[in-house]
Amino acid sequence: MKQDTTQATPFELVYGRTATLPVKIEVNTYPTESITEENFQETLLRRTYNLKRAADNIQKSQEKQKKRHDNQLPDKPVEFKIEDKVLLHHTKAEKQCSRKFDPK
């Protein structure tokens, strides 16, 4: 299954080809093509291209997520004035409710 971010399967990124599953065919799953110098160079270039493309897709996805996150932030920070009512959260009081570490 292709990942949304990389637009490729993890198998394709690691091995440079699509996976041949034994469920689909009833043959040995090892690649049958012999590796020659020309074939090796072509495979190496294809893998390099796929990894570069995946890195570009990750970068685009991160920029998209950052833009979405930044759009949810308020335009300006909240400024409090004297005599404004605020909710006070006292963490120590919250932790006192737990008696897990109290001496017995």
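The values are calculated or read from the model by the stated rules, or taken from the named source; none is laboratory data. Since the model is a prediction, treat every value here as computed from it, not as a measurement. All Cβ positions, glycine included, derive from the backbone under ideal geometry; neighbour counts span all protein chains shown. Heavy atoms of the whole protein, side chains included, go into the accessibility calculation; ligands, DNA and RNA do not. Shrake-Rupley method; radii C 1.70, N 1.55, O 1.52, S 1.80 Å.
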Could you figure out which of (1) open to solvent by 100 Å² or more (accessible area, probe 1.4 Å); (2) modelled with pLDDT of 75 or more; (3) more than 25 Å from Met1 (Cβ to Cβ) isn't true of Lys52? (3)
Could you list, in sequence order, all residues of segment 8-49 that are part of a loop (DSSP other than H, G, I, E, B), of a type outside the set (A, V, I, L, M, F, W, C) and at pLDDT 85 or above? Thr9
